[in-house]
Amino acid sequence: MPRPIHACIDLAALRHNYRLAQRRATEKFPEAKAWAVVKANAYGHGLLRAARALRDFADGFALLDLNEAVILREAGIKQPILLLEGFFEMADLAICATHALTLAIHRPEQLQMLRQVALPARWPLYLKFNSGMNRLGLTPAQLPAVRRELAALAAAGRLGPVTLMTHFAEADAVGGDPACVAWQIERFRQSIADWPEAANWPVSLANSAAVLRFPQVAHAWVRPGIMLYGGSPFADQDAASLGLRPVMSLHSRVLSVQEIGVGERVGYGGAFVARRPTRVGVVACGYADGYPRHAPGGTPIVVAGQRTRTLGRVSMDMLAADLSDLPMTGVDSPVLLWGEGLPADDVATAAGTISYELFCALARRVPVREV
Ligand SMILES: *Cc1c(COP(=O)(O)O)cnc(C)c1O
């Protein structure tokens, strides 16, 4: 028998969450479309699994890795596929052309490469602007070069549809004051103010946080990621209240029970010290499964349907749960690490991280069941 750990991926929940993103986006912009952001192996949920679940109604798929884009095309995905960081070197472009990928352009040099490459493609482009996050994106100083390159591409009949894009750094700000996105929209607008053609091009601004809180900035295309997987982008609002359903649930079982007396300690470093007689459930899940090692004792965990807390340090293959107040539990009791019944966001908060990181870290050794 394999170790009693597995993850369940609820494809109906994924579809539900995608539809919610579409509904929010089309509130103010009836024509708005939604890229299903499936980068990082669909945030740990399985790229092809997510793509198959959404293939009949997703408007497009967005990711970073050229190989992942090819995998989607080879699986028969016909929708537009957006490479969120574009291409990395000229050699990538033949593949991009073959598979009709939409390319994000964040440096003018990428446009030079498009112009120089001897391929008959008409490139669909996303021009990515740096509006204050200062990670990727074109700056106002680069725009003259960008415009020259675009004009050259257009003159050669090699320019496909252009969309303007930027990415918010704090759309998830506590309190949801629209000022947290407005300052970036203003910078974005200013950077294209003297560019008449750009005024007619479609715009893509919103990540999950903006889709959920600021549908007034949805525009032509939104880019929901974490919300598809049922994680809340907000520290001050839970996923259920946003109408999101959890997609990944991580399940295990109790392997062993230790009854310990006052002063006994649990796990590496003896980080938990019993202040009362304690029933310790040893659970088949550790950091090699993707459970965060930095989750401190006291992190929520569900045993036999009841919420309790972890005890001491997380080991590679095991962790400990407090069963003292759960007398009906014992060896083989089912354990939920996160998912339907225990929001991943609660576990992430206790561990000082975000649900994105928990999902992405799900280890390959954990078997996955689709439901
Ligand atoms: C990852 C990513 C998204 C999705 O962000 P979420 O917070 O997961 O919704 C959107 N746009 C870009 C450019 C991204 O890199």
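Read the figures in this text as sums done on the coordinates, not as results from a lab. Quick caveat, the model's predicted, so the values are computed rather than measured. Because the Cβ atoms are built from the backbone with ideal geometry, glycine has one as well, and the counts that use them run over all protein chains shown.
Considering the conditions (1) more than 22 Å from Ala210 (Cβ to Cβ); (2) crowded, with 17+ Cβ neighbours inside 10 Å; (3) more than 24 Å from the chain's Cα centre (by Cα), Val162 is excluded by exactly one of them, (1).
Residues that are within 17 Å of Arg24 (Cα to Cα) and hydrophobic (A, V, I, L, M, F, W, C) number at least 3 in the following helices (runs of 4 or more DSSP H) confined to the stretch 143-216: 208-213.
Pro196 satisfies every condition listed in (1) more than 16 Å from the ligand (Cβ to nearest atom); (2) under 20 Å from the mean Cα position of the chain (by Cα) except (2). Look at Ala288 and say whether it is touching an Asp or Glu at 6+ places or on another chain (Cβ under 7 Å) and among the small types (Gly, Ala, Ser). Answer is yes for this residue. Within the stretch 204-241, the set of residues being more than 9 Å from the ligand (Cβ to nearest atom) and small (Gly, Ala, Ser) comprises Ala218, Ala220, Gly230, Ser232, Ala235, Ala239, Ala240, Ser241.
The one condition from (1) exposed (fewer than 15 other Cβ atoms within 10 Å of the Cβ); (2) closer than 19 Å to Ile192 by Cβ that Gly157 does not meet is (2). If I ask for residues that are surrounded by 24 or more Cβ atoms within 10 Å (Cβ to Cβ), closer than 16 Å to Tyr126 by Cβ and small (Gly, Ala, Ser), which ones from the stretch 219-236 would you list? Passing the criteria: only Gly225. Within the stretch 241-253, is even one residue in a helix (DSSP H, G or I) and touching a residue at least 12 places away in the same chain (Cβ under 8 Å)? Within the stretch 241-253, one or more residues are in a helix (DSSP H, G or I) and touching a residue at least 12 places away in the same chain (Cβ under 8 Å). Of the residues in the stretch 183-191, at least one is within 26 Å of the chain's Cα centre (by Cα), within 14 Å of the ligand (Cβ to nearest atom) and closer than 12 Å to Leu205 by Cβ. Could you list all residues from the stretch 99-116 that are assigned to a helix (DSSP H, G or I) and without any contact (Cβ under 8 Å) to a residue 24 or more places away in the chain? Correct list: Glu109 only. Within the stretch 164-179, is even one residue within 20 Å of Pro196 (Cβ to Cβ) and of a type outside the set (A, V, I, L, M, F, W, C)? Yes, some residue in the stretch 164-179 is within 20 Å of Pro196 (Cβ to Cβ) and of a type outside the set (A, V, I, L, M, F, W, C).
Taking the criterion of being within 15 Å of the ligand (Cβ to nearest atom), touching an Asp or Glu at 6+ places or on another chain (Cβ under 7 Å) and not hydrophobic (A, V, I, L, M, F, W, C), would at least one residue in the stretch 249-261 satisfy it? No: zero hits.
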